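Accompanying notes for the structure given below.
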Amino acid sequence: MSYAWFLKSGEAKHVKYLAKTDPVRAIFIRIIMRKIVKKFLGIFVFILSFGIMIPLGHSTGNLAQPLPVKNNTIQLLPSDRILVLAPHPDDEVLGAGGIIARAKKMNLPIKVVFLTYGDNNEWSFLLYRKHPVVLPKAVQNMGLIRHAEALAATKILGLSPEQLTFLGYPDSRTLNIWNNHWGVSRAVKSMLTEVRAVPYENAFRPRAPYKGEEVLKDLKAIIHEFKPTKIFVSHPADRNPDHRALYLFARIALWDLEDEIKPTVYPYLIHYRRWPLPRGYHPEQLILSPDIFKQEINWQTVHLSVEEVDQKYTAIKKHRSQYISSAKYLLTFIRSNELFGNFPVIRLNQNGSTHVVASPMGQEHASFVGLEERSVSIEDNNLVITINLSRRVGKTVGVSLYVFGYRKDRDFAQMPKVHIRLGALGYKVFDQNKKLPLESVKVKRDPKEITIKIPLRLIGNPQRILTNAQTYLGKVPLDWVSWRELELSF
């Protein structure tokens, strides 16, 4: 495919129209089309030059052998009600396709909920359509194609369309909603469909604004009505931001509803560095737990029958728009088991301390600023977080710390969402996008250690806390530790 070919395509007419009505956007689209190959090549060179892999979980390489899964299996009971929460169409098959097939065979009540329509995967759309998909309406049509693919895939697993719900929130932007778009903040704008509300008429709630309280409202309504006993949801350590966001929204929804329902939650991991291995179709092999979490997560497994494995294999191929570009990766999850596990809750007492090991990247830490360890404690009504780095922060590298408080008696949308951004020389403090005074927190810095004291009143005197730390080179993530749940017991 050439850029000249694109200029002859139907979508180029829109670019020519934009040249008259919106010349800046027209120029931007043309630049994107000309440099799409250079862009991917440049990213590849950048990765090699720093000796790292941008953490999207689709890479291969040497890694210590993961531990075998412990003899800890998940059993579905006749009394179970199964809810599967999927960030995108295809995640329901990859993460819990065997669970879905088994639950259906047992005639259990089952519902699958999709956070997005998966309408932001330009690379797969390019290969599927054989030309760039850049018009907002064309992108929405790809979302509808992915909707139809989900119907076809789950039909293979035994479900009817009535058992599926599509929320329609913006693909690749839901973590941004989680971080910055609550309460008085404006709804986020999606990247390709260029809207600020659900554009799909077959969604759960068409025209719902792209805001945090709206996502939470939908999840709570579905969970309250369906009353699941087991929930299978994306993992908080997943490298895909939509996967992390869905877990976080689901966690708040369950906290809000815990007086009436207490289902067991089983997170599934899809995107992680150099995992699972080997890549490709190996249905006779087990998916093994990532070695990196062996000290923190008690993994549980579901062993699949030959029939269930075959159903997963047939179902994933129904997601044709994704299979055409990522078959080898998708087939990696067609194994003889499915794997689930979560981090334990960290309980903090006044003047007590808990150390949390970050997600280490081994020898690769020598090439960039990585997170070695994070510790948390409560001291004199302050949350104290210490971050140990592999190298000192440089001019172009930043460290971000997110701390979100939760109280049962206060609307989560109104709770502070604190973000502390540290650079080489200073730091900034935000509540969502609102800048706070520097003296709101206390920061102590050594070359490779940062300690931050955050008054509990700044984060709403919480009963629980969700927190995360990351390092960046510009806007490129270098290293991060999973969102973790803190419970304050005093």
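When T174, T193, T154 are checked against the criterion of being closer than 26 Å to Q470 by Cα and buried (at least 21 other Cβ atoms within 10 Å of the Cβ), T174 stands alone in meeting it. In this structure, does A221 turn out to be of a type in the set (A, V, I, L, M) and part of a loop (DSSP other than H, G, I, E, B)? In short, no. Y272 satisfies every condition listed in (1) farther than 19 Å from L164 by Cα; (2) modelled with pLDDT of 95 or more except (2).
In segment 142-153, the condition of being basic (K, R), touching a residue at least 40 places away in the same chain (Cβ under 8 Å) and not in a loop (DSSP other than H, G, I, E, B) is met by at least one residue. For segment 101-131, name all the residues that are without any contact (Cβ under 8 Å) to a residue 60 or more places away in the chain and closer than 13 Å to Q163 by Cβ. Of everything in segment 101-131, those that are without any contact (Cβ under 8 Å) to a residue 60 or more places away in the chain and closer than 13 Å to Q163 by Cβ turn out to be A103, K104, N107, L108, I110, V112, F114. If you go through segment 197-250 and keep only what is free of Cβ contacts under 8 Å to residues at least 24 places away in the same chain and within 23 Å of A148 (Cα to Cα), you end up with A197, E201, R207.
Quick one: which strands (runs of 3 or more DSSP E) sit completely within segment 371-430 and have at least 2 residues that are at pLDDT 90 or above, touching a Ser or Thr at 6+ places or on another chain (Cβ under 8 Å) and farther than 27 Å from R186 by Cα? Please lay out each step first, then the result.
Working: elements: 371-379, 382-389, 397-406, 417-422.
Passing ranges, in order: 371-379, 382-389.
So for segment 441-457 (the condition being closer than 15 Å to S377 by Cα, crowded, with 19+ Cβ neighbours inside 10 Å, of a type outside the set (A, V, I, L, M, F, W, C) and modelled with pLDDT of 95 or more), does at least one residue qualify? No; the residues of segment 441-457 include none that is closer than 15 Å to S377 by Cα, crowded, with 19+ Cβ neighbours inside 10 Å, of a type outside the set (A, V, I, L, M, F, W, C) and modelled with pLDDT of 95 or more. Only a single criterion out of (1) of a type in the set (S, T, Y); (2) at pLDDT 95 or above; (3) part of a loop (DSSP other than H, G, I, E, B); (4) under 21 Å from the mean Cα position of the chain (by Cα) is not satisfied by Y281, namely (4). For segment 432-473, filtering for residues that are in a loop (DSSP other than H, G, I, E, B) and either of a type in the set (S, T, Y) or free of Cβ contacts under 8 Å to residues at least 40 places away in the same chain (or both) leaves 2.
Quick one: which residue in I270, I316, I261 is within 30 Å of K130 (Cα to Cα), assigned to a loop (DSSP other than H, G, I, E, B) and β-branched (V, I, T)? Give the derivation first.
Numbers: I316 fails: assigned to a loop (DSSP other than H, G, I, E, B); I261 fails: within 30 Å of K130 (Cα to Cα).
After ruling out the rest, the residue left standing is I270.
Residues in segment 240-274 that are in contact with a strand residue (DSSP E or B) (Cβ under 9 Å, 6 or more places away or on another chain), of a type outside the set (D, E) and within 25 Å of V198 (Cα to Cα): N240, H243, R244, A245, L246, Y247, L248, F249, A250, R251, I252, L254.
Any chance segment 223-244 includes a residue that's β-branched (V, I, T), at pLDDT 95 or above, closer than 29 Å to R410 by Cβ and surrounded by fewer than 16 Cβ atoms within 10 Å (Cβ to Cβ)?
Going through segment 223-244, the residues β-branched (V, I, T) turn out to be 223, 229, 231, 233.
Filter once more, keeping what is at pLDDT 95 or above: 223, 229, 231, 233.
Subsequent filtering for residues that are closer than 29 Å to R410 by Cβ retains 223, 229, 231, 233.
Still in the running and surrounded by fewer than 16 Cβ atoms within 10 Å (Cβ to Cβ): none.
No, segment 223-244 has no match at all.
For segment 320-349: of the residues being among the small types (G, A, S) and outside any helix (DSSP H, G or I), which is nearest to Y281 (Cα to Cα)? Result: S336. Using the structure shown, decide if D431 is out of contact with any Asp or Glu (no Cβ under 9 Å at 6 or more places or on another chain), loosely packed, with under 13 Cβ neighbours inside 10 Å and among the acidic types (D, E). Judged against the criteria, D431 is not a match.
Of all residues in segment 460-476, one or more are crowded, with 19+ Cβ neighbours inside 10 Å, closer than 30 Å to H243 by Cβ and out of contact with any Lys or Arg (no Cβ under 8 Å at 6 or more places or on another chain).
Can you confirm whether segment 109-121 contains a residue that is under 20 Å from H319 (Cα atoms), surrounded by fewer than 23 Cβ atoms within 10 Å (Cβ to Cβ), of a type outside the set (S, T, N, Q) and in contact with a strand residue (DSSP E or B) (Cβ under 6 Å, 6 or more places away or on another chain)? Yes, because at least one residue in segment 109-121 is under 20 Å from H319 (Cα atoms), surrounded by fewer than 23 Cβ atoms within 10 Å (Cβ to Cβ), of a type outside the set (S, T, N, Q) and in contact with a strand residue (DSSP E or B) (Cβ under 6 Å, 6 or more places away or on another chain).
Checked against (1) within 30 Å of L76 (Cα to Cα); (2) in contact with a Gly (Cβ under 9 Å, 6 or more places away or on another chain), I177 passes all but a single condition, namely (1).
Taking D218, is it surrounded by fewer than 19 Cβ atoms within 10 Å (Cβ to Cβ) and under 25 Å from G183 (Cα atoms)? Here the answer is no, as D218 does not meet what is asked. Screening R205 on (1) within 30 Å of Y406 (Cβ to Cβ); (2) crowded, with 19+ Cβ neighbours inside 10 Å; (3) in contact with a strand residue (DSSP E or B) (Cβ under 8 Å, 6 or more places away or on another chain) shows it passes everything except condition (2).
When segment 470-490 is filtered for residues that are at pLDDT below 85 and of a type outside the set (S, T, N, Q), the ones remaining, listed by number, are Y472, L473, G474, K475, V476, P477, L478, D479, W480, V481, F490. So in segment 397-428, with the set limited to residues that are in contact with an Asp or Glu (Cβ under 9 Å, 6 or more places away or on another chain) and hydrophobic (A, V, I, L, M, F, W, C), which one is nearest to S375 (Cα to Cα)? Among those that are in contact with an Asp or Glu (Cβ under 9 Å, 6 or more places away or on another chain) and hydrophobic (A, V, I, L, M, F, W, C), it is V418.
Say we look at segment 78-100 and pick out the residues that are in contact (Cβ under 8 Å) with a residue 60 or more places away in the chain and more than 18 Å from L219 (Cβ to Cβ); which of these is surrounded by the most Cβ atoms within 10 Å (Cβ to Cβ)?
From segment 78-100, those in contact (Cβ under 8 Å) with a residue 60 or more places away in the chain are 79-99; that's our starting set.
Adding the requirement that they be more than 18 Å from L219 (Cβ to Cβ) leaves 79-80, 90, 93-94, 97-99.
On the way: S79: 7, D80: 17, D90: 28, V93: 31, L94: 25, G97: 29, G98: 25, I99: 26.
So the residue we want is V93.
The values are calculated or read from the model by the stated rules, or taken from the named source; none is laboratory data. Bear in mind that the values here come from a model prediction, so they are computed numbers and not experimental data. With ideal geometry, Cβ positions are generated from the backbone for all residues, glycine too; neighbour counts draw on all protein chains shown.
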